[in-house]
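To start, the structure under review is shown below, and the notes come after it.
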Amino acid sequence: MEDAQSDKASGEDSNIEYRVKVESKKQVQEQINRYKELLKTVFDGQTELTADSKQELLGELLANFEAAVQDNVLVNGQPWNDAPEDEEEVDLDGQLDDVIVETSNKRRTYPRKILPHVVHALKAERKILGLYENTAQPQDVPMDPEYENIMSTLSAEAPGLAKQATQVIKSIQTLQKQAEGLCQILNSKPSEASLEIHREVFGHNDQSDSLSSSPKLRQPRGIEEAAATNCYIPLD
């Protein structure tokens, strides 16, 4: 009977969870790092150990300490290795407020800090400008009388020359029109009326027949005026 009760008690003891329950791996890690700093001083008084031995033992001690703590905690009911990492909560409003405060401080303090330097730079610039001196004095260059007379004469005659140039251009245009009219007359041929007048004046002969085939043969002035007034037909 006692053996059955002892087995039952041992079974109940085995179901009891002795590991410490925590909610944040970050907090546990901070505590581990804090106690690691304390454990680093454990071997400071051990004079019989060499520096390499102290370093090796200290590394094993810290590793065993961290592993032991991690094995004996439950993060939200899960073992250390199975528990997810803590997500860092980002306080955007707080960060924005901090940035606004920092910007306001800079806008208030920086102009007052910059102002003395600006004033000093302006004074230094004025002082440097005062060191410059005019090494060459400007002099009046006298005008050559002959050159001045030439320019005056040219200025006075320029309008007349412009008028003459305009008249020459107009004359050239008129001459060009007259030449075009003359070319048109020379390229024309006599009409039947002008040939009939020519036959009545000179009679019917070979010369009058050849006139019809040679339109460029010069005619008497009266006949030319009459032909020019009434009878010439331009060539196609």
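The values are calculated or read from the model by the stated rules, or taken from the named source; none is laboratory data. Quick caveat: nothing in here was measured; it's all calculated off a predicted structure. Cβ placement follows ideal geometry from the backbone for every residue including glycine, while neighbour counts extend to all protein chains displayed.
Could you identify the single residue in D52, D71 that is farther than 30 Å from E17 by Cα, surrounded by fewer than 13 Cβ atoms within 10 Å (Cβ to Cβ), among the charged types (D, E, K, R) and in the same structural domain as V22 (by TED's automatic domain parsing)?
D52
Residues that are in contact with a helix residue (DSSP H, G or I) (Cβ under 6 Å, 6 or more places away or on another chain) and at pLDDT 80 or above within the range 41-57 comprise just one, K54. When you look at M151, is it more than 42 Å from the chain's Cα centre (by Cα), surrounded by 10 or more Cβ atoms within 10 Å (Cβ to Cβ) and either free of Cβ contacts under 8 Å to residues at least 24 places away in the same chain or assigned to a helix (DSSP H, G or I) (or both), yes or no? Spelling it out, M151 is indeed more than 42 Å from the chain's Cα centre (by Cα), surrounded by 10 or more Cβ atoms within 10 Å (Cβ to Cβ) and either free of Cβ contacts under 8 Å to residues at least 24 places away in the same chain or assigned to a helix (DSSP H, G or I) (or both). Among the residues of the range 111-125, is any of a type in the set (V, I, T) and modelled with pLDDT under 85? Within the range 111-125, not a single residue is of a type in the set (V, I, T) and modelled with pLDDT under 85.
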